[in-house]
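The values are calculated or read from the model by the stated rules, or taken from the named source; none is laboratory data. Not measured: the values here are computed from a predicted model. Cβ atoms come from the backbone with ideal geometry, glycine included; neighbour counts cover every protein chain shown. Just the protein is used for accessible areas: all its heavy atoms, side chains included, with ligands, DNA and RNA removed. Shrake-Rupley method; radii C 1.70, N 1.55, O 1.52, S 1.80 Å.
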Amino acid sequence: MASSLLLAVVCVFDLIAFGLAVAAEQRRNTATLAKDTAGRNYCQYDSDVATGLGVGSLFILVASQVIIMLVTKCLCCGKAMRPSGSRSWAICLFITSWVTFIIAASCLLAGSVRNAYHTKYRDLMGERAPSCQTMRKGVFGAGGAFIVFTGITSELYYVSFSKANNGPPPYARDTGVRMGNL
């Protein structure tokens, strides 16, 4: 039987990671063009809070995934699951969980790195404005969406894995031909 406490802990971790990703999307950098005392243009960026929020979201997502994988022994280690529909679902959800996790982690990591990048370029000639590059909208938002998908699939994977591991042995009767009968 699946542990309700484990499901609650993983759900809370996923909700915190999602909240941090949404907060990172709301607080991502913006840049404005400013002039220094010599009259040269440069890019002035606001606070860099979104990078920390994105990295925090990534760490909590990783912790959530590690908890599920340690409890289920990453599907490959441990006793064999009994053949059933639950085993098939567990295998499909295991793969889906890892795919969505990799996408979410990639979005959060790329968003954090891109948000931390600030162009240092100054316009020395004074003819054209420097390029004040900022991160596109939706990178942390996509990471947050895939955090939700990862949470759903990893929790369903855990429930299917638990259902496939619990119960009677797959065959209670004699399954083979004995060599003594020949």
Exercise for the section: From the list GLY126, GLY138, pick out the single residue that is on the phi > 0 side of the Ramachandran plot, at pLDDT below 75 and either β-branched (Val, Ile, Thr) or open to solvent by 20 Å² or more (accessible area, probe 1.4 Å) (or both). Expected result: GLY126
Problem - Condition broken by ALA24, with the remaining ones in (1) in contact with a Phe, Trp or Tyr (Cβ under 7 Å, 6 or more places away or on another chain); (2) open to solvent by less than 30 Å² (accessible area, probe 1.4 Å); (3) at pLDDT 95 or above satisfied - result: (3)
Exercise for the section: Report whether or not ALA17 is touching a Lys or Arg at 6+ places or on another chain (Cβ under 6 Å), open to solvent by less than 70 Å² (accessible area, probe 1.4 Å) and either part of a helix (DSSP H, G or I) or small (Gly, Ala, Ser) (or both). Expected result: no
Exercise for the section: Return a yes/no flag: does segment 28-47 have any residue that is farther than 25 Å from SER86 by Cβ, at pLDDT below 95 and in contact with a helix residue (DSSP H, G or I) (Cβ under 6 Å, 6 or more places away or on another chain). Expected result: yes
Completion exercise
Quick count over segment 64-89, residues being crowded, with 16+ Cβ neighbours inside 10 Å and either closer than 20 Å to LEU5 by Cβ or touching a His at 6+ places or on another chain (Cβ under 6 Å) (or both), is 6
Exercise for the section: Could you tell me whether any residue of segment 72-81 is more than 14 Å from the chain's Cα centre (by Cα) and either of a type in the set (Gly, Ala, Ser) or at pLDDT 90 or above (or both)? Expected result: yes
Handout entry: Lone unmet requirement of (1) exposed (fewer than 15 other Cβ atoms within 10 Å of the Cβ); (2) over 29 Å from LYS137 (Cβ atoms) for ALA34
Key = (2)
Practice task
Would you please name the residue that is nearest to ALA63 (Cα to Cα), looking only at residues in segment 94-105 that are over 8 Å from the mean Cα position of the chain (by Cα) and open to solvent by 20 Å² or more (accessible area, probe 1.4 Å)?
Solution key: TRP98
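If a residue must be open to solvent by 60 Å² or more (accessible area, probe 1.4 Å) and of a type in the set (S, T, N, Q), how many such residues does segment 106-116 contain?
1
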Handout entry: Residue check, VAL12 modelled with pLDDT of 85 or more, out of contact with any Ser or Thr (no Cβ under 6 Å at 6 or more places or on another chain) and open to solvent by 70 Å² or more (accessible area, probe 1.4 Å)
Key = yes
Problem - Residue that is farthest from ILE67 (Cα to Cα), among those in segment 148-162 that are of a type in the set (Phe, Trp, Tyr) and either more than 16 Å from the chain's Cα centre (by Cα) or open to solvent by 20 Å² or more (accessible area, probe 1.4 Å) (or both) - result: PHE149
Practice task
Consider only pairs whose beta carbons are under 9 Å apart and that are at least six residues apart or on different chains; among these, list those whose first residue lies in segment 19-39 and is closer than 8 Å to ALA50 by Cα and whose second residue is part of a strand (DSSP E or B) and open to solvent by 40 Å² or more (accessible area, probe 1.4 Å).
Solution key: ASN29/TYR45
